[in-house]
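Chemist: Quick one: this structure, given as structure tokens, is what I'll be asking you about.
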Amino acid sequence: MALFLIKRLVQAVPTVLGVVVLIFFFVRALPGDPARLYAGVDSDITVVNAVRERFGLDRSLPEQFVRFTVQLARGELGQSFRANRPVGQVMLRHLQPTLVLGAIAGVLATIVGVTLGIAAALRRNSPVDLGITSLSILGISTPSFFLGILLIYLFAVNWRVLPVAGSLTPSGLVLPAVTLAAGAIGTIARFARSSVLETFGNDYIRTAYAKGLPQRVVINKHALRNALIPVLTIVGLQFGFLLSGAVIVETVFNFPGLGWLLIQSIDARDYPVIQGLMLVFALQFVFINLLVDLLYAAADPRITYE
Amino acid sequence: MTRSALREHRPRALRIAVMAAIIVALTGFGQALAQGDTIRIATSLGQNSLAPGEATGLPDATVIRTMFEGLVGFTDGALVNELASSWEANEDATAYTFELQQGVTFHDGTPFNAQAVKDYYDWVMDESSIAARARGLLAAMTSVDVVDEYTVRINLSGPNGAFIFLLATSNARIASPASVAEFGADLTRHPVGTGPFRFVSWTEGQNVIVERNPDYWGDPAEIERLEFVVVTNAATRVAMLQSGEVQYIEALPPQLVATIEAAPNLDVLAGPTNFLRILQLNTTKAPFDDVRVRQALNYAVDKQVLADVAYSGFATVMTAPIPASAFGHAEQPAYDYDPERAKALLTEAGYGDGFTFTVLTFTGDEYRMGGQVLQQMFSQVGLNMILDQQERGALVDQIFLPADENPTEAALVGASASTSDADLALTTSFARQSFPPASNNWSFFTNDRVEELLAAGRATGDPASRQDAYAEAEAIIWEQAPWVFLVSPDSIAGRAANVSGVVAAPDNTIDARRAKFD
């Protein structure tokens, strides 16, 4: 097992590095001069050049890349253009909000999604099933921007029970978490529903009923546990997507997490921070995929890893 | 297998009743208008620096204004004395002498006097300091002399009658020399000034908090604390004003004005700005190299309609190449809406069949609507205008290319007079030295007489002579029409009805020094 872990981690390194290198060249190919954006459109060219020098952008592209890789090898991500602080420090400031929001939204999505999916499967083709399926599709297809504004208007402006701006307080987390979880709930619910229905069709279920087991036991002990294993994969993927979904939600709710930071950095062409964030996102995806595979192995005794 | 497995025992009716009760209770849960000791102001962008010599953005200037002062400043758009009780320029405007206010101390206790002014500006002029922005702005400053304890003289490299206006801008405000010595490059995060508020905290990208300075030398502030919150999304900003989470928001979208006006506890504030919206024409590219074509475009646009449609009436038609609030503004004969005259001029110039051209502009509603109005009006005189909206970074890249590489035919953009004075405004837009990539003369306008007049206006401190020089320069520029002169947009802000003293300054920053609850 340990060998398996190490192998996977080693495999992840070229992927992550590939992402970072790609981003490095990609942001520099974008139109928009970070130095001029920082110095202001009405600034004198001398001020702009001084800023460009400070950012290290007056050097040739190959030279910039070499300095970047040397820095990365030392474990440093460079200095943010906008904040004039180490990138790591800037990202750390905005890490906690995203983690908290992501965790709450993820847990919410999982519990609600799985519950709804099972309920729909157990009452297949009933009004309940139709209702849940419709809600799921609505959740998946409603843009989070729209949903967020709608919730703000209803709960913060009209009824005044929750604040507009998101924050790390219980009331400040409700709306952002719900908005972020909406799409995930829909996906998980639909997948859980189909997985449970598929499990019902298996022979061992018929055997269980034939043995005379009551319905409650058949469902809880035999069906659900098996049905939920593939759902685990979906849940894991959704946790991965939560981080990118957070970009929009954080902007709408003015919630200062990593997603919000990404938008600000792209707008300002803050190359080092964009690169740092992409590294974090790539690592996060790799890590979650690995975690899901491990959980899969733990949950399903048929699966082992070398 | 469609048996309903888990039967619900709770009656449906009861559940509905409970839900209804909750909703009714919550609806009644109104939020009284905020009172207390803090006024919260929402800005659309975050601050990058709280060091006046370094900061480049409007949100920075908004916060800096509460904590820092300069020798002179702007209040309601007019030049006023701040830390200087009086000043005068020498005859050829090569030196300015200031009598300083007495009994003033910086927030860290350092006394304010001529030596402090000298120490601070010496640091600004030092190439290695972080005050690059101030250094560029005040480049004409060569040295500062301490005449006596409360008299200081600033010497310039050449005559510059406009220099006093440069000293009134945000970048020229004075920080404590002791703080400069202590913090050096980290001055960004350690603001120490002489203003009515002093620094409490700054959570970057989120908020800045300042508190009343009890030792302020002038009228004390009327509120205990100010909090400047960063809310980038306009809809969120408006929602926060409506819910009472903030008491003032800037950049209220014109479409939402009616909503705020309708709310009994909220006010809409509109005011003039130093900003302009113009259609810049690249005079190096045909057909815009022909003055008749440029004038024709001016006659083809009904500017008042543009103001009403694209700005919901919150804009004023331009009457000169610089904003009406700037010193040196001289009203010019209007290019009245006259499509017949426009067509005649085009025919005379050889373009009777019209032509196609592309207008580069920013993304967003304002520029889209403005562009569409222009498109409509130009088509009435036989011109086919293509609107090319580009993201800010891309647009800036393209528009700053030098003449031989610059593909821009026309650009619907903004211009401003950040010093409220004709010199900077006219120089950055119409002087040869301002050809891209150096500065903003994106129409590549060049005129020998204008160059002479700009130098003459700078060479004297006498307001009457300066006014004459600028009036003549503006008349030439207006007649030559390198721009289609459109409008000056108003600033539109939303404010809680029980708050006063927070207003939009003409430079589109917020002046919150006199903020208070009524």
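Chemist: Which members of segment B:281-294 meet the condition of being crowded, with 21+ Cβ neighbours inside 10 Å and either at positive phi or not in a loop (DSSP other than H, G, I, E, B) (or both)?
Modeler: B:L281, B:V293, B:R294 - these are the residues of segment B:281-294 that are crowded, with 21+ Cβ neighbours inside 10 Å and either at positive phi or not in a loop (DSSP other than H, G, I, E, B) (or both).
Chemist: Still on this structure, please answer the following. For A:S43, all conditions in the list (1) at the interface with another protein chain (Cβ under 10 Å from one of its Cβ atoms); (2) crowded, with 20+ Cβ neighbours inside 10 Å; (3) assigned to a helix (DSSP H, G or I) hold save one; what is the number of the exception?
Modeler: Tallying (1) at the interface with another protein chain (Cβ under 10 Å from one of its Cβ atoms); (2) crowded, with 20+ Cβ neighbours inside 10 Å; (3) assigned to a helix (DSSP H, G or I), A:S43 fails exactly one: (3).
Chemist: If you go through segment B:154-202, how many residues are surrounded by fewer than 22 Cβ atoms within 10 Å (Cβ to Cβ), assigned to a helix (DSSP H, G or I), touching a residue at least 60 places away in the same chain (Cβ under 8 Å) and of a type in the set (G, A, S)?
Modeler: Total meeting the criteria: 2.
Chemist: Right, something else. Please verify whether A:L130 is without any contact (Cβ under 8 Å) to a residue 12 or more places away in the chain, more than 18 Å from A:S244 (Cα to Cα) and assigned to a helix (DSSP H, G or I), treating the condition exactly as stated.
Modeler: Spelling it out, A:L130 is indeed without any contact (Cβ under 8 Å) to a residue 12 or more places away in the chain, more than 18 Å from A:S244 (Cα to Cα) and assigned to a helix (DSSP H, G or I).
Chemist: Which condition number in (1) surrounded by fewer than 19 Cβ atoms within 10 Å (Cβ to Cβ); (2) within 14 Å of chain A (Cβ to nearest Cβ) is the one that B:G205 fails?
Modeler: Evaluating B:G205 over (1) surrounded by fewer than 19 Cβ atoms within 10 Å (Cβ to Cβ); (2) within 14 Å of chain A (Cβ to nearest Cβ) leaves (1) as the failure.
Chemist: I'd like the full set of residues that are buried (at least 19 other Cβ atoms within 10 Å of the Cβ), within 21 Å of A:I263 (Cα to Cα) and away from chain B (no Cβ under 14 Å), limited to segment A:89-112.
Modeler: Across segment A:89-112, the qualifying residues are A:L101, A:G102, A:A105.
Chemist: Continuing with this model, one more query. Among what's in segment A:11-45 and is hydroxyl-bearing (S, T, Y) and out of contact with any helix residue (DSSP H, G or I) (no Cβ under 6 Å at 6 or more places or on another chain), pick the residue that is modelled with the lowest pLDDT.
Modeler: Step by step, filter segment A:11-45, then rank; the result is A:S43.
Chemist: Here are some residues: A:G32, A:G75. Which one is away from chain B (no Cβ under 11 Å), on the phi > 0 side of the Ramachandran plot and either among the aliphatic types (A, V, I, L, M) or outside any helix (DSSP H, G or I) (or both)?
Modeler: Criteria check complete, one pass: A:G75.
Chemist: Give the residue that is surrounded by the most Cβ atoms within 10 Å (Cβ to Cβ), with candidates limited to residues of segment A:151-180 that are among the polar types (S, T, N, Q) and within 11 Å of chain B (Cβ to nearest Cβ).
Modeler: Looking only at segment A:151-180, we keep the residues that are among the polar types (S, T, N, Q), and these are A:158, A:167, A:169, A:171, A:179.
In the following step, the residues that additionally are within 11 Å of chain B (Cβ to nearest Cβ) were identified as A:158, A:167.
Details: A:N158: 13, A:S167: 16.
Among residues in segment A:151-180 that are among the polar types (S, T, N, Q) and within 11 Å of chain B (Cβ to nearest Cβ), the one surrounded by the most Cβ atoms within 10 Å (Cβ to Cβ) is A:S167.
Chemist: Do we have any residue at all in segment A:188-203 that's in contact with a helix residue (DSSP H, G or I) (Cβ under 9 Å, 6 or more places away or on another chain), more than 14 Å from every other protein chain (Cβ to nearest Cβ), more than 16 Å from A:D129 (Cα to Cα) and touching a residue at least 40 places away in the same chain (Cβ under 8 Å)?
Modeler: No, there is no match, as no residue in segment A:188-203 is in contact with a helix residue (DSSP H, G or I) (Cβ under 9 Å, 6 or more places away or on another chain), more than 14 Å from every other protein chain (Cβ to nearest Cβ), more than 16 Å from A:D129 (Cα to Cα) and touching a residue at least 40 places away in the same chain (Cβ under 8 Å).
Chemist: With the requirement that a residue be within 21 Å of B:A394 (Cα to Cα) and either at pLDDT 90 or above or surrounded by fewer than 20 Cβ atoms within 10 Å (Cβ to Cβ) (or both), what does segment A:266-283 give you?
Modeler: Selection gives A:I266, A:D267, A:D270, A:Y271, A:P272, A:V273, A:I274, A:Q275.
Chemist: Applying the selection to segment B:263-280, what residues are aliphatic (A, V, I, L, M), out of contact with any Leu (no Cβ under 7 Å at 6 or more places or on another chain) and either part of a loop (DSSP other than H, G, I, E, B) or farther than 28 Å from B:A239 by Cβ (or both)?
Modeler: B:A263, B:L276, listed by residue number.
Chemist: Inside segment A:263-281, can you point out the residues that are within 12 Å of chain B (Cβ to nearest Cβ) and either farther than 16 Å from A:N84 by Cβ or without any contact (Cβ under 8 Å) to a residue 24 or more places away in the chain (or both)?
Modeler: Scanning segment A:263-281 gives A:I263, A:I266, A:D267.
Chemist: Of the residues A:R67, A:R28, A:R8, only one is under 22 Å from A:V280 (Cα atoms), basic (K, R) and loosely packed, with under 14 Cβ neighbours inside 10 Å; which?
Modeler: Values: A:R28 fails: loosely packed, with under 14 Cβ neighbours inside 10 Å; A:R8 fails: loosely packed, with under 14 Cβ neighbours inside 10 Å.
A:R67 is the lone residue from the list that is under 22 Å from A:V280 (Cα atoms), basic (K, R) and loosely packed, with under 14 Cβ neighbours inside 10 Å.
Chemist: Would you point out the residue of segment A:135-150, among those that are in contact (Cβ under 8 Å) with a residue 60 or more places away in the chain and within 11 Å of another protein chain (Cβ to nearest Cβ), that is nearest to B:V246 (Cα to Cα)?
Modeler: A:I149
Chemist: For B:G205, state whether it is in a loop (DSSP other than H, G, I, E, B), in contact with a helix residue (DSSP H, G or I) (Cβ under 7 Å, 6 or more places away or on another chain), within 30 Å of A:V249 (Cα to Cα) and at pLDDT below 95.
Modeler: When the stated conditions are applied, B:G205 passes them.
Conditions (1) surrounded by fewer than 19 Cβ atoms within 10 Å (Cβ to Cβ); (2) small (G, A, S), marked per residue:
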{"residue": "B:L345", "(1), (2)": "no, no"}
{"residue": "B:T356", "(1), (2)": "yes, no"}
{"residue": "B:D388", "(1), (2)": "yes, no"}
{"residue": "B:A394", "(1), (2)": "yes, yes"}
{"residue": "B:E405", "(1), (2)": "yes, no"}
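Chemist: If you take the residues in segment B:329-385 that are under 25 Å from B:Q255 (Cα atoms) and part of a loop (DSSP other than H, G, I, E, B), which one is modelled with the lowest pLDDT? Talk me through it step by step, then tell me what you get.
Modeler: Within segment B:329-385, the first condition is being under 25 Å from B:Q255 (Cα atoms), and the residues that meet it are B:359-377.
Those left that are additionally part of a loop (DSSP other than H, G, I, E, B): B:363-364.
Numbers: B:T363: 90, B:G364: 84.
In this case the residue turns out to be B:G364.
Chemist: Of the conditions (1) within 11 Å of chain B (Cβ to nearest Cβ); (2) part of a loop (DSSP other than H, G, I, E, B); (3) surrounded by fewer than 18 Cβ atoms within 10 Å (Cβ to Cβ), A:F81 fails just one. Which one is it?
Modeler: (3)
Chemist: Looking only at segment B:222-240, which residues are more than 9 Å from chain A (Cβ to nearest Cβ), surrounded by 22 or more Cβ atoms within 10 Å (Cβ to Cβ) and farther than 23 Å from B:V200 by Cβ?
Modeler: none
Chemist: Please verify whether B:S443 is more than 22 Å from B:A93 (Cα to Cα), touching a strand residue (DSSP E or B) at 6+ places or on another chain (Cβ under 6 Å) and either in a loop (DSSP other than H, G, I, E, B) or without any contact (Cβ under 8 Å) to a residue 60 or more places away in the chain (or both), treating the condition exactly as stated.
Modeler: Values: more than 22 Å from B:A93 (Cα to Cα): yes; touching a strand residue (DSSP E or B) at 6+ places or on another chain (Cβ under 6 Å): yes; either in a loop (DSSP other than H, G, I, E, B) or without any contact (Cβ under 8 Å) to a residue 60 or more places away in the chain (or both): yes.
When the stated conditions are applied, B:S443 passes them.
Chemist: Also, quick follow-up: Condition test on B:D219, is it within 29 Å of B:W483 (Cα to Cα), more than 14 Å from chain A (Cβ to nearest Cβ) and without any contact (Cβ under 8 Å) to a residue 60 or more places away in the chain?
Modeler: The answer is no for B:D219.
Chemist: So B:A425 clears everything in (1) over 23 Å from the mean Cα position of the chain (by Cα); (2) part of a helix (DSSP H, G or I); (3) not basic (K, R) except one condition, right? Which one?
Modeler: For B:A425, the failing item is (1).
Chemist: Report yes if some residue within segment B:409-421 is surrounded by fewer than 20 Cβ atoms within 10 Å (Cβ to Cβ), polar (S, T, N, Q) and touching a residue at least 12 places away in the same chain (Cβ under 8 Å); otherwise report no.
Modeler: No, that holds for no residue.
The values are calculated or read from the model by the stated rules, or taken from the named source; none is laboratory data. Nothing here was measured: the structure is a model prediction, and the numbers come from that model. For neighbour counting, all protein chains shown are included, and Cβ atoms are generated from backbone atoms with ideal geometry for every residue, glycine included.
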